[in-house]
Amino acid sequence: MKNKNQDELVFLPLGGSNEIGMNLNLYGYGPAHDRKWIVVDVGVTFGDPTTPGVDIIVPDATYAEGLNIEGIVLTHAHEDHIGALGWLWPKMKAPLYATPFTAYLIREKLRDADLLDEVDIRELPLGGTINLGPFEVTLVTITHSIPEPNGLAIKTPLGTVLHTGDWKIDEDPVIGQRTDVDTIRRLGDEGVLAMVCDSTNVFVDGSAGSEAEVRDALQALISTLKGKVAVACFASNVARVDSVVRSAEACGRRVCLVGRSMHRITAAAKSVGLLKDVQEFVSDYEAKSMPADKVLYVCTGSQGEPRAALARIADGSHPQVSLGQGDHCIFSSRVIPGNEIGIGLLQNKLADRGVRLYTERDHPGIHVSGHPCRDELKQMYQWARPQIAVPTHGERRHLLEHCNLAKDMQVPQAVAPRNGEMIRLAPGRAEVIDEVPSGRMYVDGGVLVPAGGEALRERKHAAANGMLFVSVALDRKGKLASDVEVRGLGLPGDEDYSLDDALDELAETAEGALKRLSGEERDDDIAVEKAVARALKKASQHIWDRRPIVETIVLRV
Ligand SMILES: [Zn+2]
Ligand SMILES: [Zn+2]
């Protein structure tokens with residue numbers, strides 16, 4: 001029989017292991033009844049057209065409440081790794097550990113959430129080590145698409161876990177240091193028990209490519225262009241912004257930043273010494289009066305986000321920036337799955353204005369991914385030589401293909417957990433030993449609600465089917481005191497049969513339904529509401545072939 005007091009090392013993803021995004025990883029050490037924990041990353045994912053009104057989705061962290069958490073380590077400052085702190089930190093209440101650039105952006109996030117005074121943020125240097133109970137955590141410098149990306153070497157008495165974070169191998173990352181191959185190799189020599197690794201690009205052959213190649217490609221392209229130039233990219237990719245700025249300078253253009261996050265993140269970058277030796281940026285107001293050939297805009301909104309700078313420029317509603325005939329827009333970004341429709345709309349609007357478009361599809365080289373492709377993954381397995389591969393940061397198909405790749409690389413064991421599955425990494429064979437509550441929580445109107453909750457369901461139903469509002473006034477005898485009134489929302493009519501005609505018919509239908517009720521039923525508001533709803537839904541099915549939400553207000557006069 002298993003010894004209940006035996007120490008175990010466990011890994012538990014609560015997010016990021018069914019999707020790319022929303023990363024929330026827990027490591028536990030100790031006997032089952034008395035584990036100490038560390039949390040790695042607390043990220044969000046974003047809503048889409050299936051979640052109207054919900055922009056931000058966070059992992060269900062109920063299980064983390066009440067755990068003995070020694071610390072929360074943030075690998076880097078992408079939203080899918082730190083974005084949920086404002087929502088979920090209060091459930092964990094442990095000190096945060098991050099490098100300076102990440103810490104700067106975390107502070108802003110916590111300030112927005114009114115938590116800054118409560119949270120203990122401890123800055124770590126690149127390559128720094130911290131002791132968190134039974135865990136000794138050392139940052140391992142890697143390359144990615146944001147400043148200061150870190151992997152983690154997590155040492156425990158039962159073995160070392162290499163948690164890669166988001167990474168790629170970039171020989172010339174433009175800013176920051178190269179991947180610390182020596183440390184990863186040395187960890188491999190000493191013995192890596194398990195590697196928990198990024199799966200984003202497991203279906204992409206070859207290598208992601210270097211940021212320096214993007215710099216060359218952008219400069220070559222921009223140097224050929226006359227008229228205004230706008231470049232859309234992620235603000236957090238400071239190396240990319242730096243490349244765009246230097247390309248602009250080489251072509252005699254001044255740079256104007258457009259979009260709130262562009263200003264926010266360049267300020268964070270400057271606070272850690274990046275973007276220092278470049279010309280001052282010009283404001284959008286100054287840029288307006290400069291010759292078209294002398295200005296270059298760096299914009300947010302490459303994913304078609306409707307409120308971002310580029311969408312407003314495309315709509316012609318940006319107060320200072322306009323693009324038109326003879327101007328150019330370079331998308332130095334990829335299409336994130338789910339955003340195709342929004343990006344298509346945005347690009348069509350720009351094209352309609354006469355703006356020429358450049359994307360990575362027709363101009364390969366103006367963007368590279370920040371995640372490892374297959375050759376890079378293989379290289380990492382050769383360096384780290386783990387006993388157990390634990391793919392993360394992917395959908396189901398990514399994780400399972402990553403297991404196949406690990407087996408091809410002679411890794412003895414590969415386990416792909418789902419969110420909520422607790423895996424014992426040691427002692428013994430790696431396997432799922434428990435399943436804990438997990439899932440998605442929606443940030444809906446400032447409130448955290450479970451996915452699949454009532455409010456969003458009703459909103460979607462109303463969006464697809466419309467609504468009817470009915471007012472019924474009954475006297476003391478339960479008789480109608482006045483005509484039933486019906487109003488419609490989101491329901492169509494035409495010349496032959498107008499919406500008013502339909503509503504009149506529905507009012508009569510409601511009156512008929514009320515007359516059929518017994519005196520006792522008419523005294524009961526709920527019975528009245530139910531009868532009206534049933535009758536109007538049936539009639540609506542006949543009129544519009546749909547079943548709107550029916551809201552009845554019963555007045556007793
Ligand atoms: Zn990520
Ligand atoms: Zn990332």
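The values are calculated or read from the model by the stated rules, or taken from the named source; none is laboratory data. None of these values were measured; they are calculated from a predicted model. So basically every Cβ, Gly included, is an ideal-geometry build from the backbone, and we count neighbours across all protein chains shown. These accessible areas exclude ligands, DNA and RNA; they are computed on the full protein's heavy atoms, side chains included. Shrake-Rupley method; radii C 1.70, N 1.55, O 1.52, S 1.80 Å.
Once the chain from PHE469 to ILE341 is taken as fully extended at 0.36 nm per residue, the excess over their C-alpha distance is 42.7 nm. The relative contact order of the chain comes to 15 percent, based on Cα pairs under 8 Å that sit 6 or more residues apart. Between THR143 and LYS168, ASP170, THR179, the built amide H atoms are under 5 Å apart, and every one of these is 5 or more places off in sequence or on another chain. Going toward the positive end of the dipole of the stretch 114-264, with +1 on Lys and Arg Cβ and -1 on Asp and Glu Cβ, which of PHE203, CYS233, VAL161 do you reach last? Comparing the listed Cα positions along the dipole, CYS233 ranks first. In percent, rounded to a whole number, the relative contact order of the stretch 332-401 is 27, using alpha-carbon pairs under 8 Å and six or more apart. Using the Karplus relation 6.51 cos²θ - 1.76 cosθ + 1.60 with θ = phi - 60°, the per-residue 3J(HN,Hα) values for the stretch 490-502 come to x, 10, x, x, 9, 5, 6, 9, 6, 4, 4, 4, 4 Hz, with x marking Gly and Pro. For the stretch 313-449, a Kirkwood hydrodynamic radius built from all Cα pairs, placed in the Stokes-Einstein relation at 25 °C and 0.890 mPa s, yields a translational diffusion coefficient of 127 µm²/s. The listed residues LYS537, LYS477 rank as LYS477, LYS537 when sorted by accessible area, largest first, using a 1.4 Å probe.
When the inverse distances between all different Cα atoms of the stretch 89-177 are averaged and flipped, the Kirkwood radius reads 14.4 angstrom.
The equivalent ellipsoid of the stretch 159-209 has semi-axes of 21, 16, 9 Å, largest first, where each one is the square root of 5 times an eigenvalue of the Cα gyration tensor.
Working from Cα pairs under 8 Å separated by at least six residues, relative contact order for the stretch 1-107 is 23 percent. Taking each residue as 0.36 nm, the span from ARG260 to LYS4 lengthens on full extension beyond its C-alpha to C-alpha distance by 86.8 nm.
Derived scalar couplings between HN and Hα for the stretch 82-87 equal 10, x, 9, 4, x, 8 Hz in order, rounded to whole Hz, by the Karplus curve 6.51 cos²θ - 1.76 cosθ + 1.60 (θ = phi - 60°), x for Gly and Pro.
Looking at the stretch 1-117, what % of its DSSP beta bridges pair antiparallel, to the nearest 5?
Taking every DSSP beta bridge with both residues in the stretch 1-117, the antiparallel ones total about 70 percent.
Is the stretch 200-330 rounded, prolate or oblate when judged by the Cα gyration tensor, a ≥ b ≥ c being the square roots of its eigenvalues, rounded requiring a/c under 1.5 and prolate requiring a/b larger than b/c? Rounded shape, in that the Cα axes give a/c under 1.5.
The distance separating the Cα centre of the stretch 181-246 from that of the stretch 35-112 comes to 24 Å.
Stretching the chain fully between LEU400 and ARG556 yields a gain of 49.9 nm (0.36 nm per residue, less the alpha carbon separation). For the stretch 1-67, the Kirkwood estimate of hydrodynamic radius, built from reciprocal distances between every pair of different alpha carbons, is 13.6 Å.
Tell me, which longest segment in the chain has none of the GluC sites (Glu not before Pro) that fall in DSSP loops with at most 10 further Cβ atoms within 10 Å? Counting only loop sites that pass the neighbour cut-off, the longest clear stretch is 1-279. Under the shape rule built on the C-alpha gyration tensor, where the axes satisfy a ≥ b ≥ c, the stretch 303-355 is prolate, since a/c reaches at least 1.5 and a/b is greater than b/c.
Above 46 angstrom, tally the Cα pairs of the chain and express them as a % of all pairs, no decimals.
Counting pairs separated by more than 46 Å, the tail of P(r) holds 29 percent.
Here the label points at ALA455 and THR50, each 7 Å from Cα along the C-beta direction, are separated by 2.1 nm in the simple model. Note on the chain: antiparallel DSSP beta bridges, both residues inside, total approximately 55 percent of the bridges counted.
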